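Let me begin by presenting the structure, written as structure tokens, before commenting on it.
FYI, it's all coordinate maths here, none of it is from the lab. Bear in mind the structure is a predicted one, so any value in this text is a computation, not a measurement. So basically every Cβ, Gly included, is an ideal-geometry build from the backbone, and we count neighbours across all protein chains shown.
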Amino acid sequence: MEIEYNCILIREGEIFLKGKNRNQFEKQLLNNIKFKLKNYEYLINTSRNRLYIESFKTSYINDIVDELKTVFGIHSISRCIKIKTDLENIFSLCSSIMPTKGTFRVSVKRADKSIKYTSIELAKEIGGKILLQNPGNSVDLENFEYELIIDIRENGYTYIYFEKIPGGGGLPVGSSNKGLVLLSGGIDSPVAAIMMSKRGMKVEAIHFHSYPFTGELALKKVRDLCKIISKYNLGIKLHIVKFTEIQQEIYKRCPKEFLITIMRRFMMRIAEKISLLNNLNCIITGESLGQVASQTIEGITSTDMVLSSLPVLRPLIAYDKTDTIVLANKFNTFNLSILPYEDCCTVFLPDNPSIHPNIFEVEKAEIGLCIESLVQNAIETIEIEKY
Ligand code: ATP
Ligand code: MG
């Protein structure tokens, strides 16, 4: 039997740990939910670490729940039946929604202390009535197939449900500043972007591409990744930088061993300028210590040295590739990320990149370049797209 749920119960995540500024986080969460559900009609109200969505067209309930699964700041979601608190009604409803076969337990939460039973007494009473109506069922408090939860609130209403669907956790996007993620088409950087979204950060993305060395399909992949990140980040702006001229200049004028380091320094310079122009407060990358030649402490030091005012966040710095892949699958970016299109970094990859670049040598290697004008040219030709 298909149960007709008339309410969606949302439990807040980490927000409940917040002190004085908790209101702000709750307001942000509410706004984000409204943004996600802008195509639906419904009512929403909040009460003590929870939000309730009601008065929606019941056939949309699963679509609404799917939208909520990508809203950070939510601990869990339950589809429930909301009824006025009345014991007779609760008894008969519980018996009627129970599957006819299987093991179950009943759990009662009783915030409304005017009810004459204790939670345990009531659970036993309801369990007994269910068994009378559904003799094919049996109670098993430990290894149950169904847990029927009866949540009797102080507001005169009771919420009855079977499931707690995990939400995204974390903090609502928009509650922790803004960042610019360096987005390649690889596995790591989309995961880094969504991890920062989970900590409440609003992100924009910057992608460097080297047409004609990297093609339209590589760019399409980045756009498609942005569409996924956008679900978690409630929209995302993508800055596309033409990087070919810079790469060719580096290739012509610098020692091959430093190509990657110098290239990455240009990415950082451009990223910092774009961040400052767009009021973004940090730069995010998908780097992980020791994963490739440029991701050593010396490599990181020599890229970060070009920055004058912004920090670089590397949420994956201590992650193994396998841990990142678990997240890429969870966030649904993995299948796109593994499509085999060249990235600008791989096009000009030297045979022997310097693994421990010395900052003085790197600076010397850059002497033949007109850094300012290369950066300026690249910034002037940036194209912006919104997803
Ligand atoms: P990813 O899986 O994110 O591509 P990676 O392990 O392949 O990472 P690198 O290619 O060395 O490592 O890149 C390190 C980081 O630099 C990436 O995580 C990303 O943040 C950034 N990056 C690399 N290539 C680009 C690009 N073409 N455009 C924007 N950012 C890039
Ligand atoms: Mg890469």
Put in order of increasing Cβ neighbours within 10 Å, starting from the fewest, His239, His75 give His75, His239
Apply the Kirkwood formula to the chain: the hydrodynamic radius equals the inverse of the mean of 1/r over all pairs of different alpha-carbon atoms; give it in Å with one decimal. 23.9 Å
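From the helices alone, meaning DSSP H stretches of at least four residues, give me the mean residue ellipticity at 222 nm for the chain, per-run term -39500 (n - 2.57), in deg cm²/dmol to the nearest 500.
The helix-only estimate for the chain comes to -11500 deg cm²/dmol at 222 nm.
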Enumerate the amide H contacts of Glu145 below 5 Å, restricted to partners 5 or more residues apart or on another chain; note that Pro and chain-start residues carry no placed amide H. Thr103, Phe104
Taking the Cα centre of region 7-166 as the origin, how large is its charge dipole in debye, to the nearest 20, when only Lys and Arg (+1) and Asp and Glu (-1) carry charge on their Cβ atoms? 580 debye
Over 28 Å between Cα atoms, which of Lys18/Lys221; Lys34/Lys178; Lys227/Lys256; Lys227/Lys321; Lys18/Lys227 qualify? Lys18/Lys221; Lys227/Lys256; Lys18/Lys227
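Taking every pair of distinct Cα atoms and averaging 1/r, then inverting, what Kirkwood hydrodynamic radius in Å comes out for region 17-66?
Across region 17-66, the inverse of the average 1/r is 12.0 Å.
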Using 0.36 nm per residue of separation minus the Cα-Cα distance, give me the extension gain between Lys101 and Glu88 in nm, one decimal. 2.4 nm
What distance in nm separates the simple spin-label points at Leu289 and Ile384, each placed 7 Å from Cα in the Cβ direction? 3.7 nm
Students often forget the sequence filter, so: which lysines lie under 29 Å Cα-Cα from Lys101 once same-chain residues fewer than 8 apart are removed? Lys82, Lys84, Lys109, Lys124, Lys129, Lys164
Can you give the Rg/Rh ratio of region 109-166, where Rg is from the C-alpha atoms and Rh is the Kirkwood radius? 0.99
Residue by residue, what Karplus-based ³J(HN,Hα) values in Hz, rounded to whole numbers, does region 65-76 have, using 6.51, -1.76 and 1.60 with θ = phi - 60° and x for Gly and Pro? 4, 4, 4, 5, 5, 9, 9, 6, x, 9, 7, 7
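At most 14 other Cβ atoms within 10 Å plus a DSSP loop assignment makes a site exposed; report the longest stretch of the chain without any exposed GluC sites (Glu not before Pro).
Here the longest run is 164-387.
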Two pseudo-spin positions, 7 Å from Cα along C-beta at Lys364 and at Glu14, lie apart in nanometres by 4.5 nm
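Between the DSSP loop rule and a limit of at most 13 other Cβ atoms within 10 Å, which trypsin sites (Lys or Arg not before Pro) in region 79-138 are left?
Taking region 79-138 and a limit of 13 other Cβ atoms within 10 Å, the loop trypsin sites (Lys or Arg not before Pro) found are Lys101, Lys113, Lys116.
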By the Cα gyration tensor axes a ≥ b ≥ c (a/c under 1.5 gives rounded; else a/b larger than b/c gives prolate, otherwise oblate), the shape of region 7-166 is prolate
Dipole magnitude of the chain about its Cα centre, charges +1 at Lys/Arg Cβ and -1 at Asp/Glu Cβ only, in debye to the nearest 20? 1140 debye
